[in-house]
Amino acid sequence: MSEAAEGRPPSLKVCNNLQNSIIEEVNNKIDITKCINQLRIYDEYTYSHCINTAVLSSVIARNFAFKEKQLKEITLGAMLHDLGKMRFQK
């Protein structure tokens, strides 16, 4: 971005690396994304609650200085903590 701010074209290598990282993350998380979207279709309140719980858990874990891998696991666990109730409601 600094190159663009200075009127120079951005580094193609940096752009390609960023593009590859984004695609890799999306591919790695596609099943989780589908699962969360099913929850949103099923129950908007529970979906919002799960997202909020994940955000708050992430902030708390970061404040306790958890390592990145642990932070990701805590956040994912918080996001998925209510999925089982889909089988018992409605």
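The values are calculated or read from the model by the stated rules, or taken from the named source; none is laboratory data. Since we're looking at a predicted model, the values are computed, not measured. Neighbour counts are summed over all protein chains in view; Cβ atoms, including those assigned to glycine, are modelled from backbone coordinates with ideal geometry. When the accessible area is computed, the model is the full protein with side chains, heavy atoms only, and any ligands, DNA or RNA have been set aside. Shrake-Rupley method; radii C 1.70, N 1.55, O 1.52, S 1.80 Å.
Where is the GNM fluctuation largest for the chain (alpha-carbon springs, 10 angstrom cutoff): ASN17, ASN52, ASN37? The residue that fluctuates most here is ASN17. Angle of helix 68-80 to the longest C-alpha principal axis of the chain, folded into 0 to 90 degrees and rounded to 10: 40°.
With the other protein chains left in place, how much accessible area per residue, in square angstrom, belongs to the chain at a 1.4 angstrom probe? Don't skip to the answer; put the middle values down first.
Numbers: 7230 Å² over 90 residues.
Per-residue accessible area for the chain comes out at 80 Å².
Solvent-accessible area of the chain (1.4 angstrom probe, protein heavy atoms only): carbon and sulfur portion equals 60 percent. Taking the alpha-carbon distance from LYS34 and a cut-off under 28 Å, which lysines remain once sequence neighbours fewer than 8 residues away in the same chain are dropped? Result set, ordered by chain and number: LYS67, LYS69, LYS72, LYS85, LYS90.
Please report the relative contact order for the chain, taking Cα pairs under 8 Å with a sequence separation of at least 6, and give it as a percent rounded to a whole number. Relative contact order here is 22 percent. Taken about its Cα centre, the chain carries a charge dipole of roughly 240 debye when the Cβ of each Lys and Arg holds +1 and the Cβ of each Asp and Glu holds -1.
Restricting the calculation to Cα atoms, the chain shows an Rg/Rh of 1.14 when the hydrodynamic-style radius is the Kirkwood one.
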